[in-house]
Amino acid sequence: MAGLSDPDPKSGPSPVRRRWRPWAILLWIICFAGLAAGGYYYYRMRTDAVPPAAGAAAPPTGGPPRAGGPGGPGAAGPARPTPVVATRAQTADMQIWLKAIGSVAAANTVTVRSRVDGQLMRVLFSEGQVVKAGDLLAEIDPRPYQAQLEQAEGQLARDSALLDNARIDLQRYRTLFKQDSIAKQQVDTQEALVRQYEGTVKVDKGQVDNAKLQLSYARITAPITGRIGLRAVDAGNIVKAGDTNGLATITQVTPISVIFTIPEDSLPAVTRRMREGTEVPVQAFDRSQANKLASGRLVTIDNQIDATTGTVKLKAEFPNDDGALFPNQFVNIRLLLDVRRGATVIPTAAIQRAGQNAFVYAITPESRIAVRQVTLGPLEGNRTIIETGLQPGDQVVTDGGDRLREGTPVTVAAPPGEAPAAAAGEQLANPQRPRRAPDGQGPPPGNQQQPQRPRQNQAGSGNSGG
């Protein structure tokens, strides 16, 4: 019994059997399922993207749809058309605008200051008021200057009397000299005295005029017509002629100017418009470029180019009757350079780019994509001029071109506000063909003579034999 139970030492250890654990089996199943799903997805991508070959048989109209085709995955039928939004190239007159950034500058700006020293008695203007040249704005105490004027006038009267007396004496001395009653020296002395008094009277007249002028400066008037700003000094304060702030500031805002800069490369086109002698329209917009503030005209071009920035300054003038522009306001400027008559225009959204080249997805009469290289012209807003590559009336894709390429079949939907030209043209070409109904619905009533294509319904197809 002991011999039967003891193992044979020459036979060696018995082999160990490998056991498959449940988690390893589940892992392999998941891997195989993922590979199968990836292969199926890749096959669907290839069949949807590649257009059907010429002469390929169309799927039958009757019977259930084949998987993978238009009715289900995995069919060998034609690729499903890609829905896109399209519009047609149009012929239009395109305005070419030059855009720039500018700052509003008042035609004239004056700081109202007192020209004499004294107490400010009255302030006669309101802040923000539009004043005219010569309007009385404020008054300074005039009494000191009135006293100076009276003193100057009194001195003038005294010296004028002395001059009159000297002239009478000179007339007498000349008569006596003719009678040889006095010496010539006495006559000459009297003549010199008369000239001395004449000089004194001139000085006195100048002092009188100066006193009158200082007295007039006690009344502060508006030097220009414009809008007056905030008051810097209140009544009762002592003002001096050397005050830097002044009483207020007047800006002429009707008309008003805008200073803006343009690149030097755009200067020849602007100077050409100026030489033509026609008025160059200029428009001013706010910061968002959504609201137009004013319309004006180009006035002049600066006489030199800024070498540091490569730009040149231009000045435009605006009537500003409604007061929409304020001095030092930031505005966006649009200057009309040219008007292109009869240009081929498409929406900018239809333009695709590949490096330095531009192209569009055009739609052929067979509702397929044709890639066309185009030469772009000036851009204005959301429209672009096409120099070459398109003709007016050509249909181009504006939305939905992410997966398009040459020959891709498409279904066209017009942009909002436009008629679906492609669908209308197709219906006129095939009047017997029923209109396509929305997804999930059959053909419209009245076309029951045409065979109805079954809808894809995986649940229903599984019970079709029941």
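Table for the structure above
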{"read-out": "For segment 377-399 and segment 111-128, distance of Cα centres in Å", "value": "63 Å"}
{"read-out": "Straight-distance crosslink candidates among lysines, where the alpha carbon sits under 22 Å from Lys240 and sequence neighbours closer than 8 are dropped", "value": "Lys212"}
{"read-out": "Aspartates and glutamates whose Cα lies under 12 Å from that of Lys315, excluding same-chain neighbours fewer than 8 positions away", "value": "Asp302"}
{"read-out": "Distance histogram in 5 Å bins (all Cα pairs of segment 142-217, percent per bin)", "value": "3, 18, 18, 14, 13, 9, 8, 7, 5, 3, 1, 0"}
{"read-out": "Cα gyration tensor, segment 267-320 - rounded (a/c under 1.5), prolate or oblate", "value": "oblate"}
{"read-out": "Ala413 long-range amide H proximity, modeled H, under 5 Å", "value": "Val84, Val85, Ala86"}
{"read-out": "DSSP-assigned coil residues among GluC sites (Glu not before Pro) in segment 120-170, each with at most 12 further Cβ atoms within 10 Å", "value": "Glu127"}
{"read-out": "Size descriptor, Kirkwood hydrodynamic radius, that averages inverse alpha-carbon separations across segment 82-175, Å", "value": "22.4 Å"}
{"read-out": "Among 329-336, 162-169, the order from most to least packed when residues are scored by Cβ within 10 Å on average", "value": "329-336, 162-169"}
{"read-out": "Qualifying GluC sites (Glu not before Pro) for segment 331-407 [loop in DSSP, other Cβ within 10 Å: at most 12]", "value": "Glu366, Glu406"}
{"read-out": "Sequence-distant residues sharing a close amide H with Asp394 (under 5 Å, placed H)", "value": "Ala89"}
{"read-out": "Euclidean distance of C-alpha centroids, segment 235-295 and segment 154-200, integer Å", "value": "65 Å"}
{"read-out": "Interchain or long-range residues, amide H under 5 Å from Ile140's placed H", "value": "Met121, Arg219, Ile220"}
{"read-out": "Loop-located trypsin sites (Lys or Arg not before Pro) in segment 231-287 whose Cβ has at most 14 other Cβ within 10 Å (DSSP)", "value": "Lys240, Arg287"}
{"read-out": "Cβ-based net charge around Val203, under 14 Å, with every Lys or Arg adding one and every Asp or Glu removing one", "value": "-1"}
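Throughout, read-outs are computed from the coordinates displayed, never taken from laboratory work. These figures come from a predicted structure and were not determined experimentally. Cβ sites come from the backbone with ideal geometry, for glycine too, and all protein chains shown count toward neighbours.
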